[in-house]
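K.L.:
One structure, pasted below without further comment.
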Amino acid sequence: MRRNTSSRTKLMLAGLLAAAALLFGSLAYGGLGETLQVTYLDVGQGDSIWLHAADGTDVLIDGGPVAAGPTVVAYLQDQGLDDIEVLVLTHGDADHVGGLIAVLQSAIPVEQVFYNGLDHTTATYAAFQAELQHRGLTPVPAQAGQTYIWGPLDAAVLNPQVPGTGDQNEDSVVLAVTYGAVRWLFTGDIGSATEQTILLSDTLRAGATADVLKVAHHGSRYSSTTPFLDAVGAELAVICVGADNTYGHPAEETLARLRAAGARILRTDQNNTVVVRTDGQTFQVQADYLLFLPLALNRWVSSAQTGDVHIADIFRDGAIDPQEPDEYVEIYNADPRPIQLDGWTLRDEANHVFTFPNYVMPPDQVCRIYTNQDHPEWCGFSYGNGWAIWNNDGDCAYLHDSTGTLVDAYCY
Ligand SMILES: [Zn+2]
C-alpha cells in the first residue's frame, strides 16, 4: 500500500501534458519508438510469417503453398515492404516452400536465404531452387547453435541438429527471436522427436523459452508435447492452419495441451491473418483480429498490462471547493507506454466498483473517475453513482488490472 506522494503542482503539470496527449493522442501513440510486428499470414494450410521491425528489417519465414504465393506477395507489397533482409525456409514441404516461388518471382529484393540444408525431391522445391539460382542466391544451411543479429532482432537457431535426421519435418529450422524483452519461437513442422532433442540440451532448452509460440506442424497431435510446451512457457500460441484440412489439424489433444500449458490460442483458420506487435516490453494483438474469440480475449492482449499507472489523488469533498462539486479519484500513467485499461477496476473500502471501459491511456495522461458527473476532458470515467462514495474521515482506493492483480492502493 502506498501513500500519496504527488503534489498539486505536479498534477497540474501532468494535466497540461494530458491535454496535449488528448490533442495529439495518435501521435503520442505512434511516437512510442521502436516496434516489431509479427504477422502470421492466413495462407490456408501452410505457414507464412513476416517479421517487420520499425528500422525496416524484414524477415519472411516460409511462404505457404503455391496457391498462396500471389496473396503473400500482394499482402507484403500492400504493407509497404521494400525488401526482405532474411528469407527463411523452415523445410522443403510444399505448404512452406510453395509461396516462396512467387516471392522470388516478384520485384521484392531478397538479400539472404536460410534453409534446413535438406533438399527436397519435389517439383515445387525444384521450382524454388530454380528461382534462387535465377536471382543468384545461395541458401545458407541453418544449424543448431548458430546466432545472428538481424537489425534489432537477435536470432538463435535451435534446429536442425548436426547431423540432421533426414526427415523434412523433424529437420525444420527452429528459430528463437528476441526483440527487447519479448521472445518468439518459430518451430516449422517439428515433431515430438525434435522437441525431445531440444529439451535434452540445456542450451537449446533455455533458448526455446518464448512469450509467443508458433505452434509446430499446424497443431499436429504428434507435436507440442507437454514437456516442450512447459519449457517454452508461451503466453500466446499461434497456429497456422487451413480450415477443413484433411490432416485433422489442429488436433483436439494439442489444443488441450496448449490450454493446459496456459497459452492463449490464435488460429489462422479462425482469426485469419494474426498480427502481434511489441515494443520490446509487452506484446499486443489487434482487437480487430479477435472478433471470433471468447469474450475474455476480445481486447488487447498484453504481457505486461499494468505498466506504471497509479492513483495520484482522491478529491473527496465537493463542499470545500465550489468549482468542484463532485468527488473524483485521479489516476496517472507514469509509464512510457500507453496502457489499455479495459476491464480494470477501481473500488473503495465499501466495495463500490467502477469497471473501466476499452480505453488506452497514453503516457503522462491523467484521468479522473468521478463519482457522479461526466467529464469527457478527464477521460469521461464516472460511477454515475448519485451519492458520495469517498468517506471524508478516511477511505482506501484499490486499482486492479483486468486479471485482478492489484496495481495500486491509496489510503487517506
Ligand atoms: Zn507444414
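None of the figures in this text is laboratory data; all of them are computed from the coordinates on show. Everything numeric here is computed off the predicted structure, so don't read it as measured data. Note that we place each Cβ from the backbone using ideal geometry, even for glycine, and neighbour counts take in every protein chain shown.
K.L.:
Residues with amide H under 5 Å of F283's amide H, sequence separation 5 or more or different chain, H placed in the peptide plane at 1.01 Å from N; which?
P.N.:
Those lying under 5 Å, H to H, from F283 are S303, A304.
K.L.:
Could you list which residues have their amide H under 5 Å from that of V238, counting only those 5 or more apart in sequence or on another chain, with H placed in the peptide plane?
P.N.:
Hits under the 5 Å cutoff: L213, K214, V215, L266.
K.L.:
Shape verdict for region 34-278, please, from the Cα gyration tensor: rounded (a/c under 1.5), prolate (a/b greater than b/c) or oblate.
P.N.:
Working: a/c = 1.29, a/b = 1.28, b/c = 1.01.
Taking the square roots of the gyration eigenvalues as a ≥ b ≥ c, region 34-278 is rounded.
K.L.:
Give a residue-ordered list of calculated ³J(HN,Hα) values for region 342-347 (Karplus: 6.51 cos²θ - 1.76 cosθ + 1.60, θ = phi - 60°; whole Hz; x for Gly, Pro).
P.N.:
3, x, 5, 10, 10, 9
K.L.:
Still on this structure, please answer the following. What list of ³J(HN,Hα) values in whole Hz, one per residue of region 49-56 in order, does the Karplus curve 6.51 cos²θ - 1.76 cosθ + 1.60 (θ = phi - 60°) give from phi, with Gly and Pro shown as x?
P.N.:
Whole-Hz 3J(HN,Hα) from phi for region 49-56: 10, 10, 9, 10, 8, 4, 7, x.
K.L.:
Another question, if that's okay. Please work out how much length the chain gains when fully extended from A388 to D119, using 0.36 nm per residue of separation minus the C-alpha to C-alpha distance, in nm with one decimal. Kindly include the intermediate steps, with their values, before the conclusion.
P.N.:
Values: separation 269, 0.36 × 269 = 96.84 nm, distance 7.36 nm.
Taking A388 through D119 to full extension adds about 89.5 nm, to one decimal.
K.L.:
Right, next: Please turn the phi angles of region 139-149 into ³J(HN,Hα) values with the Karplus equation 6.51 cos²θ - 1.76 cosθ + 1.60 (θ = phi - 60°), one per residue in order, whole Hz, x for glycine and proline.
P.N.:
x, 9, x, 7, 9, 3, x, 6, 10, 9, 10
K.L.:
Just rank H217, H52, fewest to most, by other beta-carbon atoms within 10 angstrom. Working shown, then result.
P.N.:
Details: H217 28, H52 21.
Going from least to most buried by this count: H52, H217.
K.L.:
Let me ask another. Just add up the charged neighbours of L132: K/R +1, D/E -1, any other residue whose Cβ is under 13 Å from the Cβ of L132.
P.N.:
On the way: positive: R135; negative: E111, D119, E131.
In short, -2.
K.L.:
Determine, for Y412, Y398, the number of other Cβ atoms within 10 Å of each Cβ, and report the residues in order from fewest to most.
P.N.:
Working: Y412 15, Y398 19.
If I rank by nearby Cβ atoms, fewest first, I get Y412, Y398.
K.L.:
In percent, what relative contact order does region 93-170 have, based on Cα pairs under 8 Å that are 6 or more apart in sequence?
P.N.:
Averaging sequence separation for qualifying contacts and normalising by length gives 28 percent for region 93-170.
K.L.:
Rank the residues I108, I149, I314, I198 as a footprinting-exposure proxy: fewest other Cβ atoms within 10 Å of their Cβ go first. Write out the running numbers ahead of the final one.
P.N.:
On the way: I108 18, I149 9, I314 21, I198 24.
Ordered from fewest to most neighbouring Cβ atoms within 10 Å, I108, I149, I314, I198 come out as I149, I108, I314, I198.
K.L.:
If you take every residue apart from T122 with its C-beta less than 13 Å away from the C-beta of T122, what net charge results, scoring Lys and Arg +1 and Asp and Glu -1?
P.N.:
Numbers: positive: none; negative: D93, D95, D119.
Here the count lands on -3.
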